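Colleague: Let me begin by handing over the structure; questions about it come next.
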Amino acid sequence: MPDITATATPFVVMAKPLGPICNLNCGYCYYLGKTSLFPPGARFRMADDVLEAYVRSFIESSPGPTVHFVWHGGEPTLAGLDFYRRVIGLQERYLPLEWTCINSLQTNGVLLDDEWCAFLAEHRFHVGISIDGPERLHDACRVDNAGRPTHRQVTRALRLLQRRGINPDVLCTLTAVTAPHPVEVYRFFLDHGVSWLQFLPVVQRTPDGGVSDLSVTPEAMGAFLCTVFDEWIRHDVGRIVVQTFAECLSVWMGKPANLCIMAETCGRALAIEHDGSVYSCDHFVDPEHRIGDVQTQPLAALADAPEQIAFGLAKRNGLPGCCQECPVLFACNGGCPKDRFASAPNGREGLNYLCDGYRQFYEHIAPNMKKLADLARRREPVSAIMTELKLKEAADEEPWRTASRNDPCPCGSGRKYKRCCLPAYRPRP
């Protein structure tokens, strides 16, 4: 191997073999417009020499012994199976003895058939698939380039993957369409055997500096996450992993967040376009944040370049004063820089647009997160919290369940139960 020193701090790269080209036209996509960065008539496909340079450089830049490749888009399956066969061959060529590669593929699932799924299973790909919940919610935004719905194709792909022993990570966006239906969305995924779930809030800017009608509001996002958390903590701990909840547990245990939006700083998640251009982040693919080219500069050098370090530190250093004083800063850390365009109470810019929703969520989960962290530290099953909560709820509900109509209301109002809270009482399911 060439004498190139690996970076001391691991980093990831979102590789886009076809750039922004996609077979869907999702109403909230932030990446389709990136075609404007390239000259007219550009060939949006990673050439073989660029692919080889990327695979070789990323392996050489990694501290090892595991190297994690992430294939993203656009839609990465449009590159075809032969492209990924070349990927596997190049990884085998450049990988040192006793090192291993992990490949992750983030896909809309439309092109996945049994041949694709067999290949992915054979080479142990991690697969992420995008589904926005039940059919009517998914198809409201996730349509193909002819405007046709895609839900049936995507759920078919999910079943094919599961039959091949692949339990894909599911990404569900939170938009103005999906956010009002937290229980329905969450239970849809449970019914489809999903074991790992990520909710991604959509914040889509408009030319006038506002946000689009499809964007989730802070309040709707906060309410969605709180409601799903309450479902999960009572019924599904240990059964399904919700990425945000898992990251929160890590933070409540005093560990650093793995999820970049929750980390104190960023800058360790680069993006490489089909032409070999390397950018600071998948959400900052623009001329200002182009940091180099994989064919002329080692990825390790780009990851540790002064401008990239400054980009990552700006997340922490640019926080407004109200964030510095916030009781949930340790979990939030200001959120993703791409969404920090709102004004703080003192008028200073740089507050996350979703701030109110994040604060609502982190404050809501704090008591139970502390209990989960305590269980984990004692090396007890974190799922034990479900029994604890069930017993507490039963004890709390006992006065309401056993009170007679003419008894004093358990709420302490002094009125009879029948004239106070009885009409609104609903036993827990």
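The values are calculated or read from the model by the stated rules, or taken from the named source; none is laboratory data. Since we're looking at a predicted model, the values are computed, not measured. Cβ atoms come from the backbone with ideal geometry, glycine included; neighbour counts cover every protein chain shown. Just so you know, the surface numbers come from the protein's heavy atoms only, side chains and all, with ligands and any DNA or RNA stripped out. Shrake-Rupley method; radii C 1.70, N 1.55, O 1.52, S 1.80 Å.
Colleague: If I compute solvent accessible area with a 1.4 Å probe over the protein chains, what percent of it on the chain is carbon and sulfur? Present the calculation step by step, with values, prior to reporting the outcome.
Modeller: Numbers: 10600 of 20330 Å².
It is 52 percent, rounded to a whole number.
Colleague: Assuming R0 = 30 Å, what is the FRET efficiency of ALA246 and ARG348, from their Cβ-Cβ distance, to the nearest 0.05? Intermediate results must be reported in sequence, preceding the final value.
Modeller: Values: r = 33 Å, r/R0 = 1.09.
Efficiency computed from Cβ-Cβ geometry: 0.35.
Colleague: Shifting gears a bit: Give the angle, between 0 and 90 degrees and rounded to the nearest 10, that separates the Cα long axis of helix 81-94 from the longest principal axis of the Cα atoms of the chain.
Modeller: 70 degrees
Colleague: Give me the aspartates and glutamates in straight-line cross-link reach of LYS416: C-alpha distance below 16 Å, same-chain residues under 8 apart excluded.
Modeller: Result set, ordered by chain and number: ASP407.
Colleague: Follow-up. Can you compute the helix-only [θ] at 222 nm over the chain? Use -39500 (n - 2.57) per DSSP H run of at least 4 residues, normalise by all residues, nearest 500 deg cm²/dmol.
Modeller: On the way: 14 runs with 159 residues, N = 429.
Helix contribution divided over all residues of the chain: -11500 deg cm²/dmol.
Colleague: Can you give the log10 of the normalised intensity I(q)/I(0) at q = 0.15, 0.20 Å⁻¹, computed with Debye over equal Cα scatterers of the range 13-153?
Modeller: Normalising to I(0) and taking log10 leaves -0.81, -1.25.
Colleague: For LYS371, give me every one of the lysines with a C-alpha distance below 26 angstrom, ignoring sequence neighbours fewer than eight places off in its own chain.
Modeller: Once the sequence-local lysines are set aside, what remains near LYS371 is LYS255, LYS390, LYS392.
Colleague: Taking a quarter of the surface of the Cα convex hull of the range 30-83, what do you get in nm²? Please list the in-between numbers first.
Modeller: Numbers: hull surface 20.5 nm².
Across all orientations, the range 30-83 yields a mean hull projection of 5.1 nm².
Colleague: Another question, if that's okay. How large is the Kirkwood hydrodynamic radius of the range 150-210, counting all unique pairs of alpha carbons, in Å?
Modeller: On the way: mean 1/r = 0.0755 Å⁻¹.
In the range 150-210 this quantity evaluates to 13.2 Å.
Colleague: Based only on the alpha carbon positions, what is the Kirkwood hydrodynamic radius of the range 202-332, in angstrom?
Modeller: On the way: mean 1/r = 0.0571 Å⁻¹.
Computed over the range 202-332, the radius equals 17.5 Å.
Colleague: Over 5 Å intervals from 0, what percent of Cα-Cα pairs in the range 256-392 sits in each interval?
Modeller: Whole-percent P(r) values from 0 Å outward: 2, 9, 16, 16, 13, 12, 10, 9, 7, 3, 1, 0, 0.
Colleague: Something else: Report the Stokes-Einstein translational diffusion coefficient (µm² s⁻¹, integer) for the range 116-170, Rh taken as the Kirkwood radius over Cα pairs, at 37 °C with viscosity 0.692 mPa s.
Modeller: Numbers: Rh = 11.9 Å.
So the translational diffusion coefficient is about 276 µm²/s.
Colleague: Same structure, new question: Convert 25 °C to kelvin, take the viscosity as 0.890 mPa s, use the Kirkwood radius over C-alpha pairs of the range 262-324 as Rh, and evaluate the Stokes-Einstein diffusion coefficient in µm²/s, rounded to a whole number.
Modeller: Values: Rh = 12.2 Å.
Estimated via Stokes-Einstein, D reaches 200 µm²/s.
Colleague: On to the next question. Just the ratio, please: alpha-carbon radius of gyration of the chain over 2.2 N^0.38 Å, N its number of residues. Before the final figure, lay out each step's value.
Modeller: Numbers: Rg = 23.9 Å, N = 429, 2.2 N^0.38 = 22.0 Å.
Relative to the rule-of-thumb radius for its length, the chain sits at 1.09.
Colleague: Which one of GLU325, GLU52, GLU219 has the biggest mean-square fluctuation once the chain is modelled by GNM with Cα springs under 10 Å?
Modeller: Comparing GLU325, GLU52, GLU219 in the GNM, the peak value goes to GLU325.
Colleague: Running a GNM on the chain with Cα contacts under 10 Å, which residue among TRP400, TRP232, TRP71 ends up with the highest mean-square fluctuation?
Modeller: TRP400
Colleague: Right, next: Would you look at the GNM of the chain, springs on alpha carbons closer than 10 Å, and say which of ALA331, ALA394, ALA403 moves the most?
Modeller: Maximum fluctuation in the GNM of the chain, among the listed residues, is at ALA403.
Colleague: Continuing with the same structure: Under a straight-distance cross-link criterion of Cα-Cα below 25 Å, which lysines are reachable from LYS34, leaving out those fewer than 8 residues away in the same chain?
Modeller: Hits, sequence-local ones excluded: LYS16, LYS315, LYS338.
Colleague: Can you list residues from other chains, or at least 5 along the same chain, whose modelled amide H is less than 5 Å from the amide H of GLY292?
Modeller: Residues meeting the amide H criterion: VAL278.
Colleague: In addition: Where nothing but the Cβ of Lys and Arg (+1) and of Asp and Glu (-1) is charged, how large is the charge dipole of the chain around its Cα centre, in debye to the nearest 20?
Modeller: Working: 45 positive and 49 negative charges, 337 e Å.
Here the chain has a charge dipole of around 1620 debye.
Colleague: I've got another one for you. For the range 82-178, take the alpha-carbon Rg, divide it by the Kirkwood Rh, and send me Rg/Rh.
Modeller: On the way: Rg = 15.6 Å, Rh = 14.7 Å.
Radius of gyration over Kirkwood radius for the range 82-178 works out to 1.06.
Colleague: Moving on. Have a look at the range 67-131 and give its Rg and Dmax from the Cα atoms, expressed in angstrom.
Modeller: Taking only Cα atoms of the range 67-131, I get Rg and Dmax of 11.9, 38 Å.
Colleague: In whole angstrom, how long is each semi-axis of the equivalent ellipsoid of the range 1-64, when you take the square root of 5 times every eigenvalue of its Cα gyration tensor and sort them from largest down?
Modeller: Numbers: eigenvalues 174, 47, 17 Å².
Ellipsoid half-lengths, sorted descending, are 30, 15, 9 Å.
Colleague: May I pose another question? If you average 1/r over all unlike Cα pairs in the range 127-259 and invert the result, what Kirkwood radius do you get in angstrom?
Modeller: On the way: mean 1/r = 0.0633 Å⁻¹.
One decimal place: 15.8 Å for the Kirkwood radius.
Colleague: Test of understanding: what is the full-extension gain from ARG187 to ALA384, defined as 0.36 nm times their sequence separation minus their Cα-Cα distance? Could you put the intermediate results ahead of the total?
Modeller: Values: separation 197, 0.36 × 197 = 70.92 nm, distance 2.14 nm.
Contour length minus Cα-Cα distance gives 68.8 nm.
Colleague: Something else: Between the helical axis of 306-317 and the dominant principal axis of the chain, each derived from Cα atoms, what acute angle in degrees is found, rounded to the nearest 10?
Modeller: Between helix and principal axis, roughly 10 degrees.
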